[in-house]
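Please read the structure below before turning to the comments.
The values are calculated or read from the model by the stated rules, or taken from the named source; none is laboratory data. Remember, it's a predicted structure, so these values are computed and weren't measured experimentally. Heads up, the Cβs are rebuilt from the backbone with ideal geometry, glycines too, and the neighbour counts pull from every protein chain shown.
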Amino acid sequence: MKAKGFDIAIIGGGVIGLTLARALADRGATTAVVDAGPVLPQATHAAAGMLAPSFEYGEEFGGPAEAVYRLGALSLAMWKDYAAALEEETGVFVDYRGDGALGLSYRDAQTELLAEQAARVTSLGGAAEMISGDEARELEPALSADIVAALHAPKDTQVDPRRVMAALAASLEKRQVEIIKARVLSFGDGEASRQFVSVEGDAYEAETIVLAAGAVSGLTPMGLVYPVKGEATAIASEGVITRVVRAPGAYICPKAEGRLVIGATEEIGPLDHHSVSPAAIAGLRANAARAVPALEGAEELERWAGLRPGTPDGAPIMGQDEKGRFLALGHFRNGILHAPAAAQAMAALILGETPPIDLAPFSKSRFSSGRDG
Ligand SMILES: Cc1cc2nc3c(=O)[nH]c(=O)nc-3n(C[C@H](O)[C@H](O)[C@H](O)COP(=O)(O)OP(=O)(O)OC[C@H]3O[C@@H](n4cnc5c(N)ncnc54)[C@H](O)[C@@H]3O)c2cc1C
């Protein structure tokens with residue numbers, strides 16, 4: 001059998017794979033995306049869509065926190081135009097907001113942590129300020145009277161990831177990027193410069209292979225990427241809250257058409273991306289209602305779970321492995337945020353151009369124990 005050939009084959013059609021495919025197609029590369037569909041988990045479908053680097057700059061994982069913040073901040077700055085371009089090109093509304101985010105505190109210890117976070121963000125050139133509980137309630141009148149202070153990040157915001165994926169699919173169709181629905185069983189074992197992608201019942205050749213396969217693929221080098229399960233729910237709520245609110249124990253993201261997403265739990269390890277614990281959802285809802293009492297008792301629209309692609313140090317893996325295959329993995333809690341900047345950086349790397357950010361902190365080689373396999 002003669003295998004069908006592409007310049008570039010991207011394994012994985014989540015937000016990271018599709019934004020990269022779009023960036024590569026714009027540069028003229030014949031690109032295909034191979035995606036397993038619902039048989040394997042897709043974190044992107046489960047995401048809340050916060051674009052909130054000001055709350056994600058932390059050193060708790062011991063990784064390159066400053067580099068992660070800078071990647072997020074660059075991508076946040078790109079999102080407004082990216083969303084507008086997607087909408088104009090495809091006619092698909094992606095619900096980009098641009099109206100800021102609030103992180104809430106009920107007591108002094110929480111206020112101190114938020115103030116430290118605000119100081120870190122501003123020291124790196126970001127926009128973050130501490131405001132009083134009353135000032136927070138001026139921005140969001142439905143907030144509880146118990147809130148004593150808040151971190152206000154005026155540039156952090158959100159999109160709707162499911163709408164973004166619909167727009168990306170339409171955009172790739174226009175660019176004639178082939179999306180192959182199949183599970184890849186092995187990859188990168190071809191001879192010389194032609195690498196081989198073996199899928200169920202078929203095979204493809206590509207000059208270049210990119211692994212963007214999320215948390216569970218059967219292909220990622222052992223110990224490098226692992227699932228971090230997150231459960232979330234959506235309730236019916238129109239106009240109660242207008243921007244992203246991050247309360248202790250739950251975040252609240254108002255979306256179009258009266259849908260409000262409340263998330264999310266974090267559990268390392270489970271492969272199960274279907275089951276949702278009633279207790280977890282009840283806990284999220286209680287924490288959300290403590291911050292915004294008017295959400296109490298609102299009708300539930302949906303509940304779901306997803307698997308974030310975590311890495312040992314909480315930072316993504318972007319670069320090349322020893323066999324010359326490209327890796328676009330491990331965006332953990334921030335793949336939606338990172339996608340536009342990560343796509344530009346990876347496309348440049350793949351095509352031999354200078355990436356817009358230094359990718360060295362994200363190299364796979366930072367994990368001495370990461371084996372290839
Ligand atoms: C509950 C929850 C809330 C989140 N909220 C946010 C948020 O607010 N903001 C934010 O920025 N991020 C958020 N995230 C994180 C974000 O969803 C991820 O970082 C991002 O979606 C990762 O994208 P990805 O393309 O790398 O992986 P995925 O979206 O998981 O896509 C990987 C794709 O690869 C395919 N695949 C895997 N193996 C194979 C194979 N062998 N052959 C073919 N195809 C394969 C899968 O089917 C899947 O479609 C959240 C995640 C969860 C779970």
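Within segment 208-246, being in a strand (DSSP E or B) and surrounded by fewer than 17 Cβ atoms within 10 Å (Cβ to Cβ) holds for one residue alone: Ala236. Checked against the criterion of being part of a loop (DSSP other than H, G, I, E, B), surrounded by 17 or more Cβ atoms within 10 Å (Cβ to Cβ) and within 16 Å of the ligand (Cβ to nearest atom), the candidates Gly58, Gly63 yield just one match: Gly63.
What are the residues in segment 288-298 that are in contact (Cβ under 8 Å) with a residue 40 or more places away in the chain and more than 15 Å from the ligand (Cβ to nearest atom), if any? Residues satisfying the conditions are Arg290, Ala291, Val292, Pro293, Ala294, Leu295, Ala298.
Sub-7 Å Cβ pairs linking a first residue in segment 330-349 that is charged (D, E, K, R) to a second residue that is surrounded by fewer than 24 Cβ atoms within 10 Å (Cβ to Cβ), at least 6 apart or interchain, are Arg333/Glu56, ordered by first then second residue. For Ala21, the criteria (1) outside any loop (DSSP other than H, G, I, E, B); (2) within 9 Å of the ligand (Cβ to nearest atom); (3) touching a strand residue (DSSP E or B) at 6+ places or on another chain (Cβ under 6 Å) hold in every case but one, which is (2). Within segment 24-32, none of the residues are within 12 Å of the ligand (Cβ to nearest atom) and under 18 Å from the mean Cα position of the chain (by Cα).
Each residue in segment 66-106 was checked for being over 24 Å from Pro248 (Cβ atoms) and in a helix (DSSP H, G or I), and 21 of them qualify.
For segment 36-85, the set of residues classified as under 30 Å from Lys4 (Cβ atoms) and modelled with pLDDT under 95 consists of Ala36, Gly37, Pro38, Val39, Leu40, Pro41, Gln42, listed by residue number. When the residues of segment 318-356 are filtered to those that are of a type in the set (S, T, N, Q) and in a helix (DSSP H, G or I), the one that is nearest to the ligand (Cβ to nearest atom) is Asn334.
Here Thr242 qualifies as within 18 Å of Leu151 (Cα to Cα) and among the polar types (S, T, N, Q).
Would you say Val15 is touching a residue at least 40 places away in the same chain (Cβ under 8 Å), more than 22 Å from Glu266 (Cβ to Cβ) and touching a helix residue (DSSP H, G or I) at 6+ places or on another chain (Cβ under 7 Å)? The answer is no for Val15.
Go through the residues of segment 127-146 one by one and say whether even a single one is small (Gly, Ala, Ser), exposed (fewer than 15 other Cβ atoms within 10 Å of the Cβ) and not assigned by TED's automatic domain parsing to the domain that holds Ala29. Yes, that holds for at least one residue. Summed over segment 196-207, residues that are surrounded by fewer than 22 Cβ atoms within 10 Å (Cβ to Cβ) and part of a strand (DSSP E or B) total 7.
Criterion applied to Leu307, Leu301, Leu271 was being in contact with a Leu (Cβ under 9 Å, 6 or more places away or on another chain), part of a loop (DSSP other than H, G, I, E, B) and within 16 Å of the ligand (Cβ to nearest atom), and the one residue passing it is Leu271.
Restricting attention to segment 112-135, the residues being polar (S, T, N, Q) and touching a strand residue (DSSP E or B) at 6+ places or on another chain (Cβ under 7 Å) number 2. For segment 231-277, enumerate the residues that are polar (S, T, N, Q) and in contact with a helix residue (DSSP H, G or I) (Cβ under 8 Å, 6 or more places away or on another chain). Within segment 231-277, Thr233, Ser237, Thr265 meet the criteria.
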